[in-house]
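Below you'll find the structure, written out as structure tokens, and then a few comments.
The values are calculated or read from the model by the stated rules, or taken from the named source; none is laboratory data. Computed from a prediction, not measured in an experiment: that's the story for all the values here. Methodologically, a virtual Cβ is constructed for each residue, glycine included, from the backbone with ideal geometry; neighbour enumeration extends over all protein chains shown.
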Amino acid sequence: MFKVLVLAYYYPPMGLSGVQRVQKFTKYFPHFNWEPTIITTGKVAYYAHDLSLLDEVKNLRIIRTESFDLNSIIGKKYGTVNVPKEFIRKAFSNFSKIFFIPDNKKSWAQRAYQKAHDLLKNEHFDALFVSIPPYSTFVYAAKLKKEFNIPLIVDYRDLWLDNHFSHYPTPYHRARHKKLEYSSLHAADRVITVNRRIKEYLIQTYQFLTFDEVVIIPHGYDQEDFNVEVDENLISKEKLRFTYSGLFYESITPIYFLKAFKKLSIERPDIASKIELEFIGLFRDEYKKLVVDLGLNESVKIHGYIEHKEVIKKLKATNILWMMIGNTKNAETISTSKLFEYFGARKQILGCVPEGAAKVALKEYGASYITAPDDINGIKETLVKIYYDYSEKNLPTPNEEFVIKHDRKLLTEQLTKLFQFCMREPV
């Protein structure tokens, strides 16, 4: 088999959707004659851990490296930590961006580099694969490429420069990030992006990149996850259920959706009484308080974080899936992985999103109702339309051809073909 060395900070037993892209790639690499070795974190503090995801890759070679930073210190003592209030999380994030360039995972990235360096000295690998963020991993992967002349493939899950979370306290900070990204991209043999908007941004910003050097491999879903029977006890027999799965942070918030439903309950209580809202995942106390303040307790069910395999069962048992992306900087480049797992469920989706990659994907999916993320009245009117379409059995159907294209096994095959192409090119 060919061998690929993978550098991945976010990897099981960490949970949440951001972990799954690399985890699913590595799960399916052996199906296409590629043997992965994954260098990832030891025990670090994180908002969720999911051992069921780790079970899928338990037969792979996983090397864990410790780092001396706050996440590691807290993680050794507590493991899973609570999500802080949003203003505290944001303040800590902005503080980190002042003192850590490119990010506060630099300590781990340096130790992962040292481990990778030792492996590459003693073993042959055919490719080096890194998925970002964290961006510091890419910096050290570029260093390995220069030292060992190994094909380097970088996977952009989000933008680096000017991404929707970026905060540059001074012009120096932004210039430093751009210089690091510039030099790292020069070392990469191929750049993967999850959507066309990120690809276009990179080519426009770094004009040495050619169209063919930047390849789109979108987010996806794992069909094996969905090959489960739906528990009849999970299906609501009396109400139309809207389900959200995931974490709220930054501009991704349930506030507008909940206020729209409150407005519906006042104007059309006959419809609102036949709808229930289900939230799966980490739900901050301030949002629980909002539910109480709006008087929506009887309409809202909060499950908290549950294992991914149980999430899938709930996605299959619901009626409508809801997701949102806030109006934020470069929001058009965001195509969250959760949306593509929704596609795998083949359910109708209410997408509250701005113009951009997510909206394009929702339109191609077909079974979508789309509003602006902060349009309370528009969301309310769409809830009414969905209710009537559901009652009249007139809901739109998913575009199956579009859905099948996003099977993670198929996407992994595309990635391994890219690895082999890079091996054939002179590096």
Worksheet item: Restricted to segment 122-144, and to residues that are over 18 Å from Val214 (Cα atoms) and touching a strand residue (DSSP E or B) at 6+ places or on another chain (Cβ under 9 Å), which residue is surrounded by the most Cβ atoms within 10 Å (Cβ to Cβ)?
Response: Thr137
Fill in: Of residues in segment 241-298 being surrounded by fewer than 20 Cβ atoms within 10 Å (Cβ to Cβ) and of a type in the set (Lys, Arg), the one nearest to Asp375 (Cα to Cα)
Lys259
Worksheet, complete the sentence: Selection over segment 354-376 where residues are of a type outside the set (Phe, Trp, Tyr), within 17 Å of Phe402 (Cβ to Cβ) and not in a strand (DSSP E or B) yields a count of 10
Practice prompt. Filter segment 37-55 for residues that are surrounded by fewer than 17 Cβ atoms within 10 Å (Cβ to Cβ) and free of Cβ contacts under 8 Å to residues at least 40 places away in the same chain and give the result.
Written response: Gly42, Asp55
Worksheet item: Among the candidates Leu53, Leu5, which residue alone is modelled with pLDDT of 80 or more, touching a Phe, Trp or Tyr at 6+ places or on another chain (Cβ under 6 Å) and of a type outside the set (Ser, Thr, Tyr)?
Response: Leu5
Response to the item:
Looking across segment 299-313 at residues that are more than 18 Å from Ile235 (Cβ to Cβ) and surrounded by fewer than 18 Cβ atoms within 10 Å (Cβ to Cβ), the single one that is modelled with the highest pLDDT is Ile302
Practice prompt. Report, by residue number, each residue of segment 228-253 that is of a type outside the set (Ser, Thr, Tyr), at pLDDT below 95 and under 22 Å from the mean Cα position of the chain (by Cα).
Written response: Gly246, Leu247, Phe248, Glu250, Ile252
Worksheet item: Counting just the residues of segment 56-95 that are surrounded by fewer than 16 Cβ atoms within 10 Å (Cβ to Cβ), hydroxyl-bearing (Ser, Thr, Tyr) and within 23 Å of Arg21 (Cβ to Cβ), which one comes out modelled with the lowest pLDDT?
Response: Thr80
Worksheet item: Taking into account only those residues within segment 1-36 that are of a type in the set (S, T, N, Q) and surrounded by 19 or more Cβ atoms within 10 Å (Cβ to Cβ), which is farthest from Ile306 (Cα to Cα)?
Response: Thr26
Item to complete: Could you tell me whether Phe226 is of a type in the set (A, V, I, L, M, F, W, C) and either out of contact with any helix residue (DSSP H, G or I) (no Cβ under 6 Å at 6 or more places or on another chain) or crowded, with 21+ Cβ neighbours inside 10 Å (or both)?
Response: no
Worksheet item: What are the residues in segment 377-400 that are in a helix (DSSP H, G or I) and not charged (D, E, K, R), if any?
Response: Asn377, Gly378, Ile379, Thr382, Leu383, Val384, Ile386, Tyr387, Tyr388, Tyr390, Ser391
Discussion item. Take Asn33 and tell me if it is without any contact (Cβ under 8 Å) to a residue 24 or more places away in the chain and assigned by TED's automatic domain parsing to the domain that holds His124.
Written reply: no
